[in-house]
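Asker: My questions will all concern the structure given below.
The values are calculated or read from the model by the stated rules, or taken from the named source; none is laboratory data. Please read all numbers here as calculations on a predicted model, not as lab measurements. Please note: Cβ atoms are built from the backbone with ideal geometry, for glycine as well, and neighbour counts cover all protein chains shown.
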Amino acid sequence: MIAGLDAVVSDPRVWAAIVVIGAFTYGIRLSFIHLFGRIDAVPPRVKRPLRYVPPAVLAALVLPDLVTVRPSVAATLLDERLLAGVVAGAVAWRTENVFATIGAGMGALWLLRFVLLA
Amino acid sequence: MTRTDGDVLHEDLAAGVRDVTPLMLGIVPFALVAGIAAVDAGLTLAEAVGLSVIVFAGASQLAAIDLLGSNAPLAVVIGTAVVINLRMMMYSASIAPYFADYARRTRAGLAYLLTDQAYALSIAEYERNEDRSRWRYYLGAAASLWIVWQIGTVVGVVVGAGVPDAWGLTFAVPLVFLALLVPAMKDRPTTAAGIVGGAVAVVAAGLPLNLGLLVGALFGIAAGMATEVTAT
């Protein structure tokens, strides 16, 4: 019963994170929309690094979920998540479609987990 | 406001709604995953919806959920999410001239709805069609995204709670990012940023405080800038 109650009660950490991230994110969205008129253009020093935020962040989000470094090369490569990720990556590259990428990746994961590597 | 204004509103707003519709194919699974991942990490429905309404930025929501689920320090959760959302500063800068004539309050409202998709669609439309009411077109696209995002989150929470763990539904999270990553690596510097960012994050996965993502991202950004310098 206590565990059940625990799951329903909100964690104050979660709300703190939501509110602070929300405030920063709104500040980022509003930044130049608000400032425009006072400054003419985005300073190049700000603009240059921002161009690389999407690929760097997305890759840093994806790869650790697909690759776990293990003692042997074979164990590292023969991971169901990595293999499914390679399939999904190929589909993403060919189709640039989120739906197709998720479908291919989940299908490959289930095939490996429940059929091939079971 | 006259009746004809009402008609114009309808037409430009509708154009935004119409143009954003095909993009929903990518938004719907993304929103579902945001809901599924939230339940999986132990968030309540109220917290999942709060995240989607207050933050309203998918990639940062998923990263925050992941870090909260693994008990990362609050500063790391916030720092990581904010770095992910920094890209929207580019959109803010790029779309700002088109909103410059609007009242401060209008601009404050439009800014809240700024997303990758609303930005990309609106900028393309503004350059193509100068007669469009900018805020109406933008609102049509951006508000549609907002509504679908909230509904998708709720459905994801409800669905996610009923699916066995063995199905590994949270694996859809890296798959969503993968689908966004591939087109983001469009030239040599952006590809270098992705490869270095990902590789460093894998190696740094064992770092304390779950700092791996942040460190990987910063190395990736530096690699992109370094490659740009050597290429020119």
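Asker: State all residues of the stretch B:50-96 that are more than 23 Å from B:Ile151 (Cβ to Cβ), within 12 Å of the chain's Cα centre (by Cα) and not in a helix (DSSP H, G or I); if no residue qualifies, say none.
Answerer: Correct list: B:Leu86, B:Arg87.
Asker: Go through the stretch A:16-118 and tell me which helices (runs of 4 or more DSSP H), entirely inside it, have 1 or more residues that are more than 28 Å from B:Phe219 (Cβ to Cβ) and among the aliphatic types (A, V, I, L, M).
Answerer: Details: elements: A:44-51, A:53-66, A:73-77, A:80-95, A:98-110.
Here the list reads A:98-110.
Asker: What pairs can you find where one residue is in the stretch B:22-50 and farther than 15 Å from B:Phe177 by Cα, the other is outside any helix (DSSP H, G or I) and of a type in the set (Ser, Thr, Tyr), and their Cβ atoms are less than 7 Å apart, with a gap of 6+ or different chains?
Answerer: Close Cβ pairs (under 7 Å, with a partner that is outside any helix (DSSP H, G or I) and of a type in the set (Ser, Thr, Tyr)) amount to B:Thr44/A:Ser10; B:Ala46/A:Ser10; B:Glu47/A:Ser10.
Asker: Still on this structure, please answer the following. Out of B:Val176, B:Val196, which single residue is more than 7 Å from chain A (Cβ to nearest Cβ) and β-branched (Val, Ile, Thr)? Steps first, answer last, please.
Answerer: On the way: B:Val176 fails: more than 7 Å from chain A (Cβ to nearest Cβ).
Testing whether each residue is more than 7 Å from chain A (Cβ to nearest Cβ) and β-branched (Val, Ile, Thr) leaves just B:Val196.
Asker: Going through the stretch B:202-232 one residue at a time, which ones are without any contact (Cβ under 8 Å) to a residue 12 or more places away in the chain and either touching a Lys or Arg at 6+ places or on another chain (Cβ under 7 Å) or not in a helix (DSSP H, G or I) (or both)?
Answerer: Those that are without any contact (Cβ under 8 Å) to a residue 12 or more places away in the chain and either touching a Lys or Arg at 6+ places or on another chain (Cβ under 7 Å) or not in a helix (DSSP H, G or I) (or both): B:Leu207, B:Thr232.
Asker: Also, quick follow-up: So how many residues does the stretch B:30-49 have that are surrounded by fewer than 23 Cβ atoms within 10 Å (Cβ to Cβ) and in a helix (DSSP H, G or I)? Working first, answer last.
Answerer: We begin by selecting, within the stretch B:30-49, every residue surrounded by fewer than 23 Cβ atoms within 10 Å (Cβ to Cβ); these are B:40-42, B:44-47, B:49.
Now narrow it down to the ones that are in a helix (DSSP H, G or I): B:40, B:45-47, B:49.
Residues meeting the conditions: 5.
Asker: While we're looking at this one, here's another question. How many residues does the stretch B:114-159 hold that are in contact (Cβ under 8 Å) with a residue 40 or more places away in the chain, outside any helix (DSSP H, G or I) and under 21 Å from A:Pro54 (Cβ atoms)?
Answerer: 1
Asker: So in the stretch B:18-37, with the set limited to residues that are over 15 Å from the mean Cα position of the chain (by Cα) and either modelled with pLDDT of 95 or more or of a type outside the set (A, V, I, L, M) (or both), which one is farthest from B:Val173 (Cα to Cα)?
Answerer: B:Arg18
Asker: Let me ask something additional. Would you tally the residues in the stretch B:121-138 being exposed (fewer than 15 other Cβ atoms within 10 Å of the Cβ) and among the small types (Gly, Ala, Ser)? Break it down into steps so the answer makes sense when it comes.
Answerer: Of the stretch B:121-138, the ones exposed (fewer than 15 other Cβ atoms within 10 Å of the Cβ) are B:124, B:127-131.
From what's left, among the small types (Gly, Ala, Ser): B:124.
So the answer is 1.
Asker: Can A:Arg13 be described as at the interface with another protein chain (Cβ under 7 Å from one of its Cβ atoms) and modelled with pLDDT of 90 or more? Before the answer, list the steps.
Answerer: Numbers: at the interface with another protein chain (Cβ under 7 Å from one of its Cβ atoms): yes; modelled with pLDDT of 90 or more: yes.
Yes: the conditions hold for A:Arg13.
Asker: Continuing with this model, one more query. Go through the stretch A:69-85 and give me each residue that's within 10 Å of another protein chain (Cβ to nearest Cβ), surrounded by 14 or more Cβ atoms within 10 Å (Cβ to Cβ) and of a type in the set (A, V, I, L, M, F, W, C).
Answerer: A:Ala84
Asker: With respect to the numbered conditions (1) over 30 Å from A:Gly103 (Cα atoms); (2) surrounded by fewer than 19 Cβ atoms within 10 Å (Cβ to Cβ); (3) within 7 Å of another protein chain (Cβ to nearest Cβ); (4) modelled with pLDDT under 90, which one is the sole condition not fulfilled by B:Met89?
Answerer: (2)
Asker: Still on this structure, please answer the following. Within the stretch B:179-201, can one find any residue that is within 30 Å of B:Arg107 (Cα to Cα), outside the structural domain of B:Ala111 (by TED's automatic domain parsing) and in contact (Cβ under 8 Å) with a residue 60 or more places away in the chain?
Answerer: Yes - at least one qualifying residue is present in the stretch B:179-201.
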